[in-house]
Amino acid sequence: MASRQIALDKNNLRGFSYRFTLYTLLFVGCAIMLLPFFWMVTTSLKTSNEVMSFPPKWIPSNLQWINYIKAWRAAPFGYYFFNSFFIAITTTIGELITSVLAAYAFAKMRFFGKNVLFAIMLGTLMIPGEMLLVPNYVTITHLHWYNHYQALIIPWLASVFGIFLLRQFFRSIPDELLDAARIDGCSRFRFLWRIVVPLSKPAIMTVALLKFIGSWNAFLWVLIMTSSDKMRTVPVGLALFSSDVGTIYEQLMAAAVMAIIPILILFFFTQKQFIQGIARTGIK
Amino acid sequence: MKSWKFLTFGLIVVFLFGLFVFADDAVTITFWHAMSSGHQPHLQKLVDGFLAENPNIAIELVYQGGYGDLQQKINAAVVAGNPPTLAQVYENWTTPILEVLYPIGPQMTDAEKADIIDGLVGSNTYNGILYTVPFNKSIMVLYYRTDLVPNPPTTWAEYLQMAKDVTLDEDGDGTIDRFGTAFRPSANPEQFLNFLEEAGGSILNDDWTEAAINNAAGLAAMEFAVSLAPYSLITSGYLSDPFAAGQLCMFIDTSAGYYYNNQSAGTGGFEMGVARVPVGPVNQKSMIQGTNVAVFDMNQTQAQKDAAVKFARFLLRPENTVYWAEMGGYQPVTKSAYETEEWENFVAAHSYQVPMSAQMLDGFSQILHPNYGDMREVVGTAFEEAMVGEATPIDALDDAAAQIQDLLAE
């Protein structure tokens, strides 16, 4: 009896020390990850002198909420936020529609040249975006989309990465399901909509979230394709605080905090699907 | 009869009104710039002043990101055929797009042209014609801590000695805690180009046929820079950050950085002084940095080009270049501006402007070669390799010269 008790205690102790080590490591990792966010928030509330102070001052002595007001007034952030939301939401919905359809075709349908087409499509991922900027600008100008929402939305309604990611996921759905559905008289589209899409929720959420974040953070494309404040987005506003000789850190950080809040809210609500999606598709 | 008179009177009024409206049609011009939030209100004020004088002109100020973004956008717009009416441009951006520019100089009076600071005339003149005019110009000067450097160095030898004297390894662990000076080789190759000019050298020979950076003058400049290396902080970040942390005693930087550097001094709890760069073997010149203003001649109406030239000339007026310098941290770009009472009062109230103004009148600009941007990067890499000891000064320069030669052949 006593020896059993000792064995149990040993197990408990081992379990405790394992958990203790695990939680300590997780805590350290978490602290490292959160440090830049913490720094961003505290810097946004510092005076310019405190920003530069050495050794660094972690907590501002006097909270400078005025930095937020100054940052907000530095540019028409109202327009910027509206545009960022509008463009991020429309491009995300658009990309989901095109990616789901294309990924299904590549994953579940047989057609001539499928693999070659897929390889060519993947090949386009190798072309650096910067190289295409000038030709794209010329195209957008000739289409008379320059400084219009079309320029900021339409070119981003399809994404090779989204198609690739969903295709990989769709391929893991057994073909037998499709066969059974077809025997029961289910059309391809109905099968896609009723079976594939619900089963692929995590992957679709991942594509959506990555797209939303990418669109929210897009800077150069928006800057190049627009010329009026009414068409621009939050990252363009953030660039305003830096010049080649210096940066107004406290205002930049205040604007960055404002810019990151919507993304954080989105992540809090969708983190379960996001993590599942990333884990299942094997993409890190 | 009465109604006839009334009708006639009415027609005349309508005609005159129409004449007024259509003859003096409003012209809208667009100005692409890269001025950050701190500068934009001052630029807007200049525009407002211009609009008050010219109610029939409208100016649309468009922020186009940093200088790199602005350059990309200008290049793309030129290819697409829709550049703005006016834009900020660096010298080397101008050379390849010269044929789509509307030269401003021929629309200016001789007095206006003669008033531009000598160091800025050449850098705005292409094929003998003044195409662009200087806009936001700053000059490289020496910043120093007055508590550690009571008398700023005036010669290269003094600079080296001073850097050596104030470098400190407080705890004796072999790691320097306070550097005599600092360089940003890859981010700011202008620090080396300053030494090169002071040694009488240049990146290219006079007719741009050969790289000249590895000649005797180039070697003298690089050897001097390398002699400073043991006492130098080599970084790619802003120098104002280590300055605030008390890790730095003096450094050569643009006058436009004064605001940030002085703020750092305040944070560090010491006073900052400004001096001309230490004199080199040949001269005491220093590099003028910043952009010019160009007017485009590509799908713009004559009225737009005229309005743009008018605005460019407006910016050169002494009171305006002085305002821009005072508020934006730049230097006035015309000689007469330095003689205005306003500027003299400003300099009297801001002693750091004395060396900056003197240095500005003894400045030099970047070369106009279209591949200057790439050459600048090559120089930055050579400068960095030499400063961190990856290459000897002559090897770094020979390598740079070979790469520059390739760029000349392009």
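Read-outs throughout are calculated quantities, based only on the coordinates presented, and are distinct from any laboratory measurement. Given the structure is predicted, the values throughout are model-derived calculations rather than measurements. Note: ideal-geometry Cβ built from the backbone for every residue, glycine included; neighbour counts use all protein chains shown.
Among helices (runs of 4 or more DSSP H) entirely within segment A:107-199, having at least 2 residues that are surrounded by 11 or more Cβ atoms within 10 Å (Cβ to Cβ) and either in contact (Cβ under 8 Å) with a residue 60 or more places away in the chain or within 24 Å of the chain's Cα centre (by Cα) (or both) singles out A:114-123, A:129-142, A:149-153, A:160-171.
The residues in segment B:114-160 that are over 21 Å from the mean Cα position of the chain (by Cα) and touching a residue at least 60 places away in the same chain (Cβ under 8 Å) can be counted, and the count is 14.
Taken over segment B:121-169, the criterion of being of a type outside the set (A, V, I, L, M, F, W, C), surrounded by fewer than 24 Cβ atoms within 10 Å (Cβ to Cβ), in contact with a helix residue (DSSP H, G or I) (Cβ under 6 Å, 6 or more places away or on another chain) and not in a helix (DSSP H, G or I) is satisfied by B:126, B:153, B:167. Elements of the type helices (runs of 4 or more DSSP H) sitting completely within segment B:219-316 and holding at least 2 residues that are within 14 Å of another protein chain (Cβ to nearest Cβ) and surrounded by fewer than 23 Cβ atoms within 10 Å (Cβ to Cβ): these cover B:240-244, B:258-268. Restricting attention to segment B:63-83, the residues that are facing chain A (nearest Cβ under 8 Å) and either in a loop (DSSP other than H, G, I, E, B) or in contact (Cβ under 8 Å) with a residue 60 or more places away in the chain (or both) total 6. Being in contact (Cβ under 8 Å) with a residue 24 or more places away in the chain, in contact with a strand residue (DSSP E or B) (Cβ under 6 Å, 6 or more places away or on another chain) and not aromatic (Phe, Trp, Tyr) narrows it down to one residue among B:244, B:294, B:229; which is it? Every option except B:294 fails the conditions.
Contact annotation: residue pairs with Cβ atoms under 7 Å, 6 or more positions apart or on different chains, pairing a residue in segment B:30-53 that is over 21 Å from residue B:306 (Cα atoms) with a partner that is part of a helix (DSSP H, G or I), are B:34/B:67; B:34/B:70; B:35/B:43; B:37/A:74; B:39/B:328; B:42/B:324; B:42/B:327; B:42/B:328.
Within segment A:45-104, the set of residues being surrounded by 21 or more Cβ atoms within 10 Å (Cβ to Cβ), over 20 Å from residue A:235 (Cβ atoms) and of a type in the set (Val, Ile, Thr) comprises A:51, A:100. Looking at B:99, B:91, just one residue is more than 26 Å from residue B:353 (Cα to Cα), away from chain A (no Cβ under 14 Å) and among the acidic types (Asp, Glu), and that residue is B:99. Scanning segment A:217-236 for residues that are facing another protein chain (nearest Cβ under 9 Å), buried (at least 21 other Cβ atoms within 10 Å of the Cβ) and in a helix (DSSP H, G or I) gives A:223, A:224, A:236. Looking at A:78, A:94, just one residue is part of a helix (DSSP H, G or I), touching a residue at least 24 places away in the same chain (Cβ under 8 Å) and either away from chain B (no Cβ under 14 Å) or in contact with a strand residue (DSSP E or B) (Cβ under 9 Å, 6 or more places away or on another chain) (or both), and that residue is A:94.
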